[in-house]
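Here the structure is laid out as structure tokens; the discussion comes afterwards.
The values are calculated or read from the model by the stated rules, or taken from the named source; none is laboratory data. Here the structure is a predicted model, which means the values were calculated and not measured. With ideal geometry, Cβ positions are generated from the backbone for all residues, glycine too; neighbour counts draw on all protein chains shown.
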């Protein structure tokens, strides 16, 4: 009887502890979709769902509009055409150094207007540290979780001989190269809206945990099946897999403004051998740690959501524009002279243009 009482007390204590942990999860009040019901003609927020860490160098976001469109994600849109690494501080300023990843099946397609897929908000989960959506046209599910300079993707495919991974390096000059034996893709994006040196590039590296059956590259609108490398005004690659039902293909992605080697370093430092779930839990913990600096009492769930979503937005900018070299020194690519310099740098203040006035908010 005494042992039974002890067991019951332990179970009760565990339940209280679990409830306490859940109650302390302030990230449940962050809704990145708030403010995305906007367009150029009418602003209801001018935001996009940034899947990121506080002040991270890179963000990720689902992309419903064409590349280069300031309103890259619009809540009223019903199709997604990519999952974009973005650095955009405002729709009016535009994006830079962007590229995207997408998952299709059955048909070999690269063009963003032809590859886009229907989706529903009912099959979409958007959190600061995690994003998930079902692509109805291809029966695929895409999940993303971030680090500061990297991210993990988990793509669930159906049973098919033609499961495709699309990497779009975007316009305004880009490059891709595929290493099938290493299950690796590298490349760079140069897209920007002026004001950068001639050597400006965002170098990216992608590792896939599945063998490649076939490799295609797209160059300026033409798909080639006999090449594994391309550069031009707008290039990308398509990788074909064979997948079983509900098979998960996992990607590790990182980038650098310094060099391809630095992109590899960023990936190994920030992801290494960690799993998708481990990276997701770390990202969630980081957000909880930062936003719990301000705790409030009272208020409805809706009011708490408004507050912590706004707080999340203030912690996106200014973004870190520095990296750690092989000797662990803090270095950065300078957008002023195109050189790699020692020291910290931050950029993108996240301006919101409202009634021709600038508003800045910093939480120290």
For the range 231-337, which strands (runs of 3 or more DSSP E) that fit wholly inside it have 2 or more residues that are over 23 Å from residue 129 (Cα atoms) and at pLDDT 95 or above? 235-243, 330-333
In this structure, does residue 146 turn out to be in contact with a helix residue (DSSP H, G or I) (Cβ under 8 Å, 6 or more places away or on another chain) and either crowded, with 22+ Cβ neighbours inside 10 Å or over 25 Å from residue 184 (Cβ atoms) (or both)? yes
Conditions first: (1) buried (at least 16 other Cβ atoms within 10 Å of the Cβ); (2) within 30 Å of residue 155 (Cβ to Cβ); (3) out of contact with any strand residue (DSSP E or B) (no Cβ under 6 Å at 6 or more places or on another chain). Residue 276 passes all but one, so which condition is the exception? (3)
Being crowded, with 19+ Cβ neighbours inside 10 Å and in contact (Cβ under 8 Å) with a residue 24 or more places away in the chain: is that true of residue 233 here? no
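Here is a yes/no grid of residues against (1) over 17 Å from the mean Cα position of the chain (by Cα); (2) surrounded by 23 or more Cβ atoms within 10 Å (Cβ to Cβ):
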{"site": "74", "(1), (2)": "no, no"}
{"site": "92", "(1), (2)": "yes, no"}
{"site": "101", "(1), (2)": "no, yes"}
{"site": "111", "(1), (2)": "yes, no"}
{"site": "114", "(1), (2)": "yes, no"}
{"site": "150", "(1), (2)": "no, yes"}
Could you go through the range 300-317 and let me know if any residue there is over 22 Å from residue 31 (Cα atoms), out of contact with any helix residue (DSSP H, G or I) (no Cβ under 9 Å at 6 or more places or on another chain), exposed (fewer than 15 other Cβ atoms within 10 Å of the Cβ) and without any contact (Cβ under 8 Å) to a residue 60 or more places away in the chain. no
From the residues in the range 159-209 that are under 20 Å from residue 335 (Cα atoms) and touching a helix residue (DSSP H, G or I) at 6+ places or on another chain (Cβ under 7 Å), which one is surrounded by the most Cβ atoms within 10 Å (Cβ to Cβ)? 204
